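Below: one structure, written as structure tokens.
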Amino acid sequence: MNWVSDDSDGSSVDLSWLNDQDQHHDDDEPPLPLIRAPANQALQDETGASTSSLVPHFVDMGFSQELVAKAIKENGDGNSGSILELLLTYKMLEESPSGNEGNQENTLSDDNDWGDDELSDIDDFDDMDFELEMSGQASFSKKLRTLEEMGFSRDAASSAIERCGEDVPIFELADSIYAAQTAEKEGGVWDYDAFHSDQKKEGDKYDPFSHDNKRRRCDGASSSHHRSSIQMRERLKRAYRRPTTTSRRCGGDGDAVGELDNLNLPNPMVGFGLPTDSGRQLYRDIPMEAQGPPYFFYENVALTPKGVWPTISRFLYGILPEFVDSKYFAAACRKRGYIHNLPIANRFCLEPIPPKTILDAFPLARVYWPTWDTRTQFNCLQTCIGSAKLTERIREKLVASDYPPPPDVIRWVMYECKKWNLTWVGQNRVAPLEPDEVEFLLGFPRDHTRGVSRTERYKSLGNSFQVDTVAYQLSVLKDLYPNGIRVLSLFSGIGGAEVALHRLGIKMTAVLSVEISPINRTILRSWWEQTGQVGELEEVDDVQCVDDAVLERFIARHGGFDLVIGGSPCNNLAGSNRHHRDGLSGEHSSLFYHYFRILDVVKHLMARN
DNA sequence: CATACAATGAAAGCGAAC
DNA sequence: GTTCGCTTTCATTGTATG
């Protein structure tokens, strides 16, 4: 709390800007937030309880039922990342059944450019057979067998072949069966559980981040599915091919690993350069299909399991991530990767420039700060804090020691202090940062998250942007949109993007915010109203509900989106997760593909207008 | 007011991947 | 050396009932 104190020691910084006090509240017409109810509650409950997540998960991404079934069958079980790679492969084969598009390096071969074992799972199935089936040239019995492997009954398969003819591709046959079954069940979904019953998960605890337990299937998703599937096919193909194009090849090392597969974290981690760096990079090439508007901005943790950033990058037009550590913008580290298509010249910083050392940020800590604690900045602010037991153990240990303590004690205390971001609050006393201190370090207005439980505040803040860092990258939008911008904010959280834009002085004329946590939505809406925003804030609770209809309606109302911004869940990527660090295929982190999907739809819809 | 029960919040313990 | 975490257990608060 010492950072809000008055100038008792003469060294505190002016932090009055944190309160947004200049904003007046409009008594006449407070902006009316538009809350969209989930599209079809009954349908959600019905499908959510009985369906495993994998099939609808991939179907939502634009793959057809039969392809998903095939991929799961080939893959075995569990690893949805491998399944996705398979699906991409199938898509490509489906796209070019003859395997000949004049681009020989895209065909699957032993010397493929992936350089790792990502595709090893498909080694044991016959490409040619599959191609034949996909192109409709396989025999009746072969098709029958494939359809059975997909989980359809022999009766359904044979009647479908009779109904459609022997010459149609296998996926059309599967479509036909699926359509028939769907019609019978009146909106039910393909019975994945019967096919893979051991995959079924039971969820009885509410988890705000879970899309397994309360999966939502929205009206309109299926009607728009075919068109989305077609438009996404091109993108998927490109995502798959990206690392094999010659322009992306790594020169010299000869191991045929694409540049994207060799993403190294820069040191220092300053992205295209710091504001103070006179030699910073000002221009870069953005692939034509990725150029804005709409501009997009994607964020996630920098230190992910291997292969995650290359995959994300492939899906986002092959743009390389800009890795930035927030320690250059604030007093705490925050190593993050950002993929965006924004211009990078003429960036500027938020004012005032925040303090960049612990003691500048919290001057009162100096009194108790031992000389042997050499930290000048905090480590990454996370969602959990150190326990009281730990701080007590540290105190006991220090009280029992001389001053300065012996090296082994110092080593242990420093280890725990760095691990849990403890600060000094008394003689031999350490403590976790207070929520409002975390708010300050992350660049949020004071008390931005106040009003919810302490645990929730830490959780929401730990999942958020560092505002100054993001604002620096977004600052180029100010000149581009002097009259305000229309924002699609995915995984909004507590509104880091909105706060950054607001502090940059960029007017938000309309925001479509997607955030699963009602607590975070309340925080954002409350901030929106109290800062006197004049734009319209429309809220959706689940990215899986953001379909063509939702986006079309917004675009019809506001003319389009200027910025698509969001950082998808990192729980399955973050190093501190010792249980489910499953990479992009993880239950939560796989929601990244919805960012990809939604961005794709937005670009498509806006190109049409 | 006392009790049982439910709901929520806080605390503590949990290593591995890079 | 660092890491936008997860799960279980315990404590506290809220609520319905008598």
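The values are calculated or read from the model by the stated rules, or taken from the named source; none is laboratory data. Please read these numbers as outputs of a predicted model, since none were measured by experiment. Quick reminder, even Gly has a Cβ in these numbers, built from the backbone with ideal geometry, and neighbours come from all protein chains shown. The area values use the complete protein model at the heavy-atom level, side chains included, leaving out ligands, DNA and RNA. Shrake-Rupley method; radii C 1.70, N 1.55, O 1.52, S 1.80 Å.
Would you work out what percent of the accessible area of the stretch A:438-484, with all protein chains in place, is carbon or sulfur (probe 1.4 Å)? Carbon and sulfur: 42 percent of the exposed surface of the stretch A:438-484.
Measuring nothing but alpha carbons in the stretch A:469-525 and taking Rh as the Kirkwood radius, the Rg to Rh ratio lands at 0.98. Under 5 Å between amide hydrogens, built in the peptide plane, is the criterion, and for A:A332 it picks out A:F378 among residues at least 5 positions away or on other chains. The length gained on full extension between A:V399 and A:M288, counted as 0.36 nm times the residue separation minus their Cα-Cα distance, comes to 33.6 nm.
Just check the stretch A:293-341 against the gyration tensor rule for me: Cα atoms, a ≥ b ≥ c as the square roots of the eigenvalues, rounded for a/c under 1.5, and otherwise prolate or oblate depending on whether a/b exceeds b/c.
It comes out oblate by the Cα gyration axes.
Model label sites at A:Q530 and A:S159, defined 7 Å from Cα along the beta-carbon direction, differ in position by 6.2 nm. Taking each residue as 0.36 nm, the span from A:A345 to A:L274 lengthens on full extension beyond its C-alpha to C-alpha distance by 24.4 nm.
For A:F272, neighbours were defined as the other residues whose beta-carbon sits under 10 Å from its Cβ, and their charges (Lys and Arg +1, Asp and Glu -1) total +1.
Rg ratio for the stretch A:479-588: its Cα radius of gyration over 2.2 N^0.38 Å, N being its residue count, equals 1.15.
A straight chain from A:S141 to A:T357 at 0.36 nm per residue would run longer than the Cα-Cα distance by 70.6 nm.
Evaluate the Kirkwood expression for the hydrodynamic radius of the stretch A:364-491, namely the inverse of the mean inverse distance over all pairs of different C-alpha atoms, and round to one decimal in Å.
For the stretch A:364-491, the Kirkwood estimate is 16.9 Å.
Amide H contacts of A:H588 (H built 1.01 Å from N, in plane; Pro and chain starts excluded): A:N572 sit under 5 Å, all sequence-distant by 5 or more or on other chains.
With the radius of gyration and the Kirkwood radius both derived from the Cα set of the stretch A:537-609, what is their ratio Rg to Rh? Ratio of gyration radius to Kirkwood radius: 1.08. Rolled with a 1.4 Å probe across the full set of protein chains, the surface gives A:Y328 an accessible area near 60 Å². Give the Debye-formula value of log10 I(q)/I(0) at each listed q (0.11 Å⁻¹), with one equal scatterer per alpha carbon of the stretch A:265-349, two decimals each. Reported log10 I(q)/I(0), two decimals: -0.30. Around the amide H of A:G567, modelled in the peptide plane, lie the amide H atoms of A:E299, all under 5 Å away and 5 or more residues distant in sequence or on another chain.
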